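One structure is given below, represented as structure tokens, and several questions about it will come after.
The values are calculated or read from the model by the stated rules, or taken from the named source; none is laboratory data. What you see is a predicted model, and the numbers here were worked out from it, not measured in a lab. Note that we place each Cβ from the backbone using ideal geometry, even for glycine, and neighbour counts take in every protein chain shown.
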Amino acid sequence: ETGVTQTPRHLVMGMTNKKSLKCEQHLGHNAMYWYKQSAKKPLELMFVYNFKEQTENNSVPSRFSPECPNSSHLFLHLHTLQPEDSALYLCASSQASGVNTGELFFGEGSRLTVL
Amino acid sequence: RKEVEQDPGPFNVPEGATVAFNCTYSNSASQSFFWYRQDCRKEPKLLMSVYSSGNEDGRFTAQLNRASQYISLLIRDSKLSDSATYLCVVNVRDKIIFGKGTRLHILP
């Protein structure tokens with residue numbers, strides 16, 4: 001069983017829908033991340049949370065809204081998305097974010113399709 | 001120039017051969033370096049960290065050249081199970097940046 005669990009695994013939504021992606025980590029980590037993985041592009045860092053505080057917003061459009069209620073849970077709220085937002089959204093966690101950050105533990109991802 | 005650059009491949013290599021991947025990074029302030037592996041339709045997983053003195057883990061050897069801003073991964077005696085995408089990863093001022101990855105196919 002993976003230490004980082006993401007739901008739903010697959011999501012299809014229209015451009016006017018509101019949906020949320022959920023991530024939960026059972027590893028006792030203090031940092032959590034959202035990454036976007038599109039075909040033929042590198043993994044793109046979206047958001048970083050350290051001890052529930054957002055420490056990085058990598059110029060992500062406001063139609064993506066993260067929420068981190070505690071160190072174990074991370075959400076990505078989706079609203080009025082565009083077809084080009086279709087991608088695999090990966091959640092990850094680590095001991096802490098910083099210069100010594102080493103291993104990221106990823107969830108299996110939520111594959112999003114926007115129609 | 002991209003922050004982390006890799007040859008996308010694919011590399012088609014016969015089983016038992018040695019294969020080498022290269023990666024360059026643009027930011028001289030980069031602090032730490034890693035190789036991750038991603039299997040098809042799976043999440044990335046850490047393969048190994050890369051240390052300045054070079055390091056080895058079984059059939060895998062990683063090298064770092066800070067002067068040239070270059071990282072390499074060598075796989076010896078390749079196995080069918082080594083087929084995957086190999087991601088070069090760099091920690092730049094606390095941001096973890098991934099390369100696009102190099103696809104490797106080991107042929108029986």
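Output the residues belonging to the stretch B:67-108 that are of a type in the set (Gly, Ala, Ser), within 14 Å of chain A (Cβ to nearest Cβ) and in contact with a Ser or Thr (Cβ under 8 Å, 6 or more places away or on another chain).
B:Gly101
What single numbered condition from (1) more than 11 Å from chain B (Cβ to nearest Cβ); (2) out of contact with any Cys (no Cβ under 8 Å at 6 or more places or on another chain); (3) surrounded by fewer than 19 Cβ atoms within 10 Å (Cβ to Cβ) fails to hold for A:Asp85?
Unmet condition: (3).
Right, here's the next one. Take B:Ser68 and tell me if it is more than 22 Å from A:Ser94 (Cβ to Cβ) and either out of contact with any Gly (no Cβ under 6 Å at 6 or more places or on another chain) or assigned to a loop (DSSP other than H, G, I, E, B) (or both). Break it down stepwise before answering.
Working: more than 22 Å from A:Ser94 (Cβ to Cβ): yes; either out of contact with any Gly (no Cβ under 6 Å at 6 or more places or on another chain) or assigned to a loop (DSSP other than H, G, I, E, B) (or both): yes.
Spelling it out, B:Ser68 is indeed more than 22 Å from A:Ser94 (Cβ to Cβ) and either out of contact with any Gly (no Cβ under 6 Å at 6 or more places or on another chain) or assigned to a loop (DSSP other than H, G, I, E, B) (or both).
Related question: Among what's in the stretch A:39-54 and is surrounded by 14 or more Cβ atoms within 10 Å (Cβ to Cβ) and not aliphatic (A, V, I, L, M), pick the residue that is modelled with the lowest pLDDT. Write out each step before concluding.
Taking the stretch A:39-54 first, the residues surrounded by 14 or more Cβ atoms within 10 Å (Cβ to Cβ) are A:42-50, A:52.
Next, from what is left, pick out any that are not aliphatic (A, V, I, L, M): A:42, A:44, A:47, A:49-50, A:52.
Details: A:Pro42: 86, A:Glu44: 92, A:Phe47: 93, A:Tyr49: 92, A:Asn50: 86, A:Lys52: 82.
Looking at the filtered set, the residue picked out is A:Lys52.
Yes or no, residue by residue, for (1) touching a residue at least 60 places away in the same chain (Cβ under 8 Å); (2) within 12 Å of chain A (Cβ to nearest Cβ); (3) closer than 16 Å to B:Ala62 by Cα; (4) acidic (Asp, Glu):
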position: B:Glu3; (1), (2), (3), (4): yes, yes, no, yes
position: B:Gln6; (1), (2), (3), (4): yes, yes, yes, no
position: B:Cys23; (1), (2), (3), (4): yes, yes, yes, no
position: B:Ser26; (1), (2), (3), (4): no, no, no, no
position: B:Ser30; (1), (2), (3), (4): yes, yes, no, no
position: B:Tyr36; (1), (2), (3), (4): yes, yes, yes, no
position: B:Lys42; (1), (2), (3), (4): no, yes, no, no
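On to the next question. Need at least 2 residues that are under 13 Å from A:Gly109 (Cβ atoms) per element, so show me which strands (runs of 3 or more DSSP E) inside the stretch A:1-96 make the cut, counting only ones lying wholly within it.
Working: elements: A:4-7, A:10-13, A:18-25, A:31-37, A:44-50, A:53-57, A:64-70, A:73-79, A:87-94.
So the answer is A:4-7, A:10-13, A:18-25, A:31-37, A:87-94.
Residue-wise test of (1) at pLDDT 95 or above; (2) crowded, with 20+ Cβ neighbours inside 10 Å; (3) over 13 Å from the mean Cα position of the chain (by Cα).
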{"position": "B:Ala62", "(1), (2), (3)": "yes, yes, no"}
{"position": "B:Asp77", "(1), (2), (3)": "yes, no, yes"}
{"position": "B:Leu87", "(1), (2), (3)": "yes, yes, no"}
{"position": "B:Asp94", "(1), (2), (3)": "no, no, yes"}
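Counting only residues that are modelled with pLDDT under 95 and surrounded by 15 or more Cβ atoms within 10 Å (Cβ to Cβ), which one in the stretch A:21-34 is nearest to the other protein chains (Cβ to nearest Cβ)?
A:Tyr33
Go through the stretch B:82-108 and count every residue that is over 29 Å from A:Met46 (Cα atoms) and either free of Cβ contacts under 8 Å to residues at least 24 places away in the same chain or assigned to a strand (DSSP E or B) (or both).
Going residue by residue through the stretch B:82-108, those that are over 29 Å from A:Met46 (Cα atoms) are B:82, B:105-108.
So of that shortlist, the ones also either free of Cβ contacts under 8 Å to residues at least 24 places away in the same chain or assigned to a strand (DSSP E or B) (or both) come out as B:105-107.
Residues flagged as over 29 Å from A:Met46 (Cα atoms) and either free of Cβ contacts under 8 Å to residues at least 24 places away in the same chain or assigned to a strand (DSSP E or B) (or both) within the stretch B:82-108 amount to 3.
Check whether at least one residue in the stretch A:62-74 is over 29 Å from B:Arg103 (Cα atoms), of a type in the set (S, T, N, Q) and either within 9 Å of chain B (Cβ to nearest Cβ) or within 11 Å of the chain's Cα centre (by Cα) (or both), and report yes or no. I'd like the intermediate steps shown before the answer.
Applying the first criterion (over 29 Å from B:Arg103 (Cα atoms)) to the stretch A:62-74 yields A:62-74.
When the remaining residues are screened for being of a type in the set (S, T, N, Q), the result is A:62, A:65, A:70-72.
This time we only want the ones that are either within 9 Å of chain B (Cβ to nearest Cβ) or within 11 Å of the chain's Cα centre (by Cα) (or both), so: A:65.
Scanning the stretch A:62-74, I find at least one residue that is over 29 Å from B:Arg103 (Cα atoms), of a type in the set (S, T, N, Q) and either within 9 Å of chain B (Cβ to nearest Cβ) or within 11 Å of the chain's Cα centre (by Cα) (or both), so the answer is yes.
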